[in-house]
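A short write-up of the structure that comes next.
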Amino acid sequence: EAAHRFQEDHLRLLRGARFSAQLDFEIDLHTLKAMTVMAPTVKKVSGERIRDELGKLLKTKKPLRGLQVMQATDMMLTLFPWRLAHNDWYPWKQSEDWQNFALFFREAKKQELKDGLDLLKLSTKERKAIEAAWTLFQAPQDFLQQRDGDKLTQMQKPGIPWALEILQKEQIAE
C-alpha cells in the first residue's frame, strides 16, 4: 500500500521522484495518486535530507523526469512553488551539487532563492557560490560592463567562472 509506505517515511516521496529519474521509468498511477495526496507531508522532511535527495535527483540521467514527477504530485508546489513556471532542465551535466542547485534556482526571485537555500541547509561555501552564480545569471550585462580589474576581482568569487561558462555554452547553443 503506497500511501502507508509514504506515511511511514515522507522522504520516500522524494525518493520516488529520484528513482523515476535515475531508472527512467514511469510511476504507477496508484502510486502517483498516493504521492499527490501525501505531497504536503514532504515539508516534514529535514532540509538536509531534502537537499541530499534533490541533489541526487539532479545528477541522474533524466533529471527532468524527476522534476516533472515532483510537479505532477504537488511536491514542487509544496517545496519550491516558483518552479511551477520554470520546471525545465539543462542539457549540461554538472559534477558538483552546488552547480546543479545554482541551475535549479536560476529562475528564482531573490527571496525565493534565500528561502530555498535556507531550506536546503547548504554549506556557507556552496551558498556563496550559488548566490554569486545566481546574481550573474540575473544580469550578465552588469558583469560585462565592469572595468577589467573589477571583472578579475569578481572572477575570484566561487561560482562566477562556472556561471560564465554556462552563459557561454548557452550562447553557442543558440
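The values are calculated or read from the model by the stated rules, or taken from the named source; none is laboratory data. The structure displayed is predicted, hence computed values, not measured ones. Here Cβ is always computed from backbone atoms with ideal geometry, including for glycine, and neighbour counts include all displayed protein chains. Heads up: the accessible areas ignore ligands, DNA and RNA and are worked out on the full protein's heavy atoms, side chains in. Shrake-Rupley method; radii C 1.70, N 1.55, O 1.52, S 1.80 Å.
Residue count for the range 118-174, restricted to those that are of a type in the set (Ser, Thr, Tyr), surrounded by fewer than 18 Cβ atoms within 10 Å (Cβ to Cβ) and in a helix (DSSP H, G or I): 2.
Return the residue satisfying two criteria in turn: it lies in the range 50-65 and is among the charged types (D, E, K, R) and in a helix (DSSP H, G or I), and of such residues it is surrounded by the fewest Cβ atoms within 10 Å (Cβ to Cβ). Only one residue fits best here, namely Asp52. Do we find that Ala21 is modelled with pLDDT of 95 or more and either at negative phi or not charged (D, E, K, R) (or both) in this structure? So Ala21 fits the description; yes.
A count restricted to the range 75-117 and to residues that are of a type in the set (S, T, N, Q), part of a loop (DSSP other than H, G, I, E, B) and surrounded by fewer than 12 Cβ atoms within 10 Å (Cβ to Cβ) stands at 1.
Among residues of the range 77-96 that are touching a residue at least 40 places away in the same chain (Cβ under 8 Å), those with a Cβ under 7 angstrom from a residue that is open to solvent by 30 Å² or more (accessible area, probe 1.4 Å) and not in a loop (DSSP other than H, G, I, E, B), sequence gap 6+ or separate chain, pair up as Trp92/Lys169. Within the range 14-49, the set of residues being surrounded by 21 or more Cβ atoms within 10 Å (Cβ to Cβ) and either closer than 13 Å to Gly66 by Cβ or not aliphatic (A, V, I, L, M) (or both) comprises Leu14, Gly16, Ala17, Arg18, Ser20, Ala21, Met35.
With respect to the conditions (1) of a type in the set (D, E, K, R); (2) free of Cβ contacts under 8 Å to residues at least 12 places away in the same chain; (3) in a helix (DSSP H, G or I), Glu26 falls short on a single one, namely (3). Thr36 falls short on exactly one of the conditions (1) in contact with a His (Cβ under 8 Å, 6 or more places away or on another chain); (2) farther than 30 Å from Thr124 by Cβ; (3) among the polar types (S, T, N, Q), and that condition is (1).
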